[in-house]
1. Evaluate Rg over Rh across the chain, taking Cα atoms for both radii and Kirkwood's formula for Rh.
2. Mean shadow of the stretch 175-269, computed from the convex hull of its alpha carbons, in nm²?
3. What are the lysines whose alpha-carbon lies under 18 Å from the alpha-carbon of Lys271, with same-chain residues fewer than 8 places away excluded?
4. So which chymotrypsin sites (Phe, Trp or Tyr not before Pro) in the stretch 1-67 end up in coil per DSSP with only 14 or fewer other C-beta atoms within 10 Å?
5. May I ask you to derive the FRET efficiency for Asp246 and Ala31 from their Cβ-Cβ distance with R0 = 30 Å, giving the value to the nearest 0.05?
6. If you consider only alpha-carbon coordinates, what radius of gyration and Dmax does the stretch 151-204 have, in Å?
7. Against the longest alpha carbon principal axis of the chain, how many degrees, from 0 to 90 and to the nearest 10, is the axis of helix 292-309 turned?
8. Between exposed GluC sites (Glu not before Pro) in the chain, where DSSP calls loop and at most 13 other Cβ atoms lie within 10 Å, what's the longest gap?
Amino acid sequence: MTETVEQHFDTTVARDQRIEPRDWMPDKYRATMIRQIAQHAHSEIIGMQPEGNWITRAPSLRRKAILIAKVQDEAGHGMYLYSAAETLGVDRAELTEKLISGRQKYSSIFNYPTLNYADVGVIGWLVDGAAICNQVPLCRSSFGPYARAMIRICKEESFHQRQGYELLMTMMRGTEAQRQMVQDATNRFWWPSLMMFGPPDDRSPNTGQSMAWRIKRHTNDELRQRFVDMTVPQADVLGVTLPDPDLRWNAERRHYDFGEPDWSELQSVIKGNGPCNVQRVAQRRAAHEDGAWVREAALAHAAKHADAAATPDGEPR
Ligand code: BYC
């Protein structure tokens, strides 16, 4: 008996094999993958802003070189992800248009301001740490181009996490004022980092279907718990206090208990009302408009080469 395309899709997912761009897939699977990959790509590109802001004010040449490399990596992650989205039949220009017109989302975390250089360290430690927790399982996501992009991204995210932690360790060995800067940055970024994992499972409309399709391998709450368990010992080594009075080891569950993030804050930031939403999107729109001449020149160059490569009868050489 021959397998229908639907059966082939289901068995491929059930066997933990990858769905590839030319395979048949349900329309909703395609739409979900485009939504998630586009949001992820936009997050990488918008995520360059809060840290990029500090490149000109890095405290040493070494810190500047590290920060430039990290921000460049994020641009690269955006590129891999837009390319992965394009395999699903969407155009990168169309996705950018949706981002700058507010029709597609990006991660809530990048709508918080970076107030001093300790924030660069805390973003590496907590934000990239949360990103790693969320993204390592996505290396086994059912859509091939996304899973493969994620392998490279995770390798680079590990370096990002380490540079942040090393920066904070250095500051903690410094003056009392520097230790206070690290504590203050930790206080501001802790709860928003927990919100990166998305709403709680009972209020997450997409998790059930995405788990069934093996796009997501764990629920939002499972990954949030994993992040807390991983981060508490790191905070102890660093010597900072995580700003949650309910945080304590639960010997029975063998996990840390922790307080409830303010979910109304997450919803408000997702809706565009976070401290920096307007600024982030405006800056992205301005960069896109300023880059119009580069895109035009690149397209003209490509067209000229295509002409030159064609034989007199119009056939490619
Ligand atoms: N922020 O049903 P749910 C990085 C939306 S880049 C904004 O749980 P899902 C980095 C969600 O999209 C970090 N929106 O959704 C870069 C959905 O809305 P729509 C980015 C959020 O998809 C530079 C609705 O809320 N990482 O690490 O099953 C420097 C309901 O949610 C957020 C990724 O994108 C949020 N925090 O799960 C440093 C990873 N949370 O689309 C670091 C890939 C939820 O239905 N993405 N929403 O209108 C994912 O793993 C999943 O998409 C999520 C959400 C866990 C984020």
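1. 1.01
2. 7.6 nm²
3. Within reach: Lys98, Lys105.
4. Trp24
5. It comes out at approximately 0.20.
6. Cα only, the stretch 151-204: 14.9, 44 Å (Rg, Dmax).
7. 40 degrees
8. In short, 4-251.
The values are calculated or read from the model by the stated rules, or taken from the named source; none is laboratory data. Source: prediction; values computed, not measured. For neighbour counting, all protein chains shown are included, and Cβ atoms are generated from backbone atoms with ideal geometry for every residue, glycine included. Please note that ligands, DNA and RNA were not included when accessible areas were found on the heavy atoms of the full protein model with its side chains. Shrake-Rupley method; radii C 1.70, N 1.55, O 1.52, S 1.80 Å.
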